[in-house]
Amino acid sequence: MKVWIPLIALVLLVGLLLGLRQQPVAMISQESLPAVAASVSSEPVNAPVIQAPQPLPAAMRQAMTQVAAAYQVSSQYPSYSIPLGSQQTELLQPNAGAHSVRDLNTVGLPGQLSIQLSAYRYRQEEPIEADIVLSGDDALFSQLSGLTLSVRDNNNAVLLMPQTDVQNSQAQNTQAGNNSNEQRLQTRFSSSDNWPTELNLVAELQLSDGSTLRQSAPFQVFTAVAEITGTGTPYVDDNELVIPVNIEKAAAGYYKLAASLHYADKKPLAYLQGKGRMGSSGTLELRVHGSLLYNLDGIQNLWIGNLQLRKMPEKPGPEVQWGFSRDDFYAVKNVDPSRFSPIPFQDEQTLSRLQFLQSLGSPQ
């Protein structure tokens with residue numbers, strides 16, 4: 001969402017503005033007061049002049065007005081429940097696999113090599129799938145003697161040579177007057193318990209002159225520390241819909257949960273976040289602000305999906321650990337828009353911050 005202002009940038013900008021406006025103030029200590037009083041009757045004293053803060057330049061005020069307007073829009077929703085659009089793929093597909101493409105023309109070969117992984121992060125029991133496509137004209141394939149795949153660690157050690165299904169196709173490009181060839185490799189394999197977390201799928205071209213070219217795509221494997229098994233019965237709390245998410249087989253610790261909320265037709269509606277401590281089992285709550293629900297077209301079922309469950313480290317150093325969800329989506333049944341209000345989210349801190357930003361953009 002373009003209107004969401006990174007907080008750190010906002011703090012730096014406001015701090016800079018405050019620094020520009022700060023004026024030196026002359027101080028007189030209590031010990032110096034008698035001497036000052038005594039000198040009044042004998043000779044005049046130049047009293048310190050405290051200047052009024054200078055108004056910000058017009059361009060700076062205009063910039064701050066824009067910052068305040070953007071912040072006013074973003075602050076209508078709590079950070080744990082924000083609108084979500086179909087273009088926000090980083091939130092809708094948080095575990096998207098790498099799409100790695102290499103243009104072979106840069107090394108004198110007319111074509112390209114691409115790798116598309118089905119996901120970025122896989123748990124140990126989950127199959128890893130990938131498509132590898134080599135495309136180009138006859139001049140490329142006439143120099144090709146082989147195309148192989150391998151799984152390698154970050155030290156470039158080969159851990160697996162996965163099996164592949166090979167598909168070849170050819171199309172005539174009448175406008176260019178040449179042939180367009182494509183060789184597609186599809187693979188599906190499982191990870192091993194002794195593999196490290198950070199891995200690469202490497203496609204290697206062997207050329208007829210004995211040289212090789214490589215292209216790689218990163219992925220991770222992990223051992224799950226918790227399992228999302230479903231949702232509890234949603235309920236209304238003030239102007240929010242609360243969705244309990246059930247978690248089992250959890251390692252005790254502090255967790256963060258993120259998910260996307262969807263309309264009945266699976267179009268995106270909101271991005272949700274929750275957090276809390278877990279024992280071996282329990283629930284984490286996702287809350288939907290009522291201003292996102294009040295204009296639904298009647299009572300209907302919604303969906304939550306793309307759930308990302310993280311166990312956060314208790315101290316600096318250890319890596320984040322991951323849970324997984326049994327299903328991709330869970331139904332949130334019978335959401336009634338009449339139970340919610342369009343009143344924007346607001347708290348005292350947000351209101352004070354907005355008023356401060358608006359004052360910086362106003363003429364002095």
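The values are calculated or read from the model by the stated rules, or taken from the named source; none is laboratory data. All of these numbers come straight from a predicted model, not from anything done at the bench. Cβ coordinates were reconstructed from backbone atoms using ideal geometry, including for glycine residues, and neighbour counts include every protein chain displayed. Please note that ligands, DNA and RNA were not included when accessible areas were found on the heavy atoms of the full protein model with its side chains. Shrake-Rupley method; radii C 1.70, N 1.55, O 1.52, S 1.80 Å.
Observations on the structure shown:
- Residue ranking by accessible heavy-atom surface, 1.4 Å probe, largest first, among R277, R214, R184 comes out as R277, R214, R184.
- Inter-part distance where segment 208-283 and segment 189-207 are each reduced to a Cα centre, Å: 25 Å
- Overall form of segment 121-278 per C-alpha gyration tensor (a/c, 1.5; a/b vs b/c): oblate
- Proximal aspartates and glutamates relative to K267, as straight alpha-carbon distance under 20 Å, when same-chain residues fewer than 8 apart are discounted: E90, D297, D327, D328, D336
- Efficiency of FRET from Cβ geometry, Q93 and S211, R₀ 45 Å, rounded to 0.05: 0.80
- Here K266 is the anchor, and the lysines within straight C-alpha reach of less than 24 Å, apart from those fewer than 8 places off in the same chain, are K2, K256, K333.
- Karplus (6.51, -1.76, 1.60) ³J(HN,Hα), θ = phi - 60°, over segment 255-269, in Hz, Gly and Pro reported as x: 10, 10, 10, 10, 7, 10, 9, 10, 5, 4, 8, 6, 5, x, 10
- Heavy-atom accessible surface of segment 262-348: percent carbon and sulfur, 1.4 Å: 45 percent
- For segment 228-302, the solvent-accessible area works out to 44 Å² per residue, with a probe of 1.4 Å and every protein chain left in place.
- The accessible area of S192, taken with all protein chains in place and a 1.4 Å probe, comes to roughly 40 Å².
- Whole-percent carbon and sulfur share, accessible surface of segment 113-248, 1.4 Å: 40 percent
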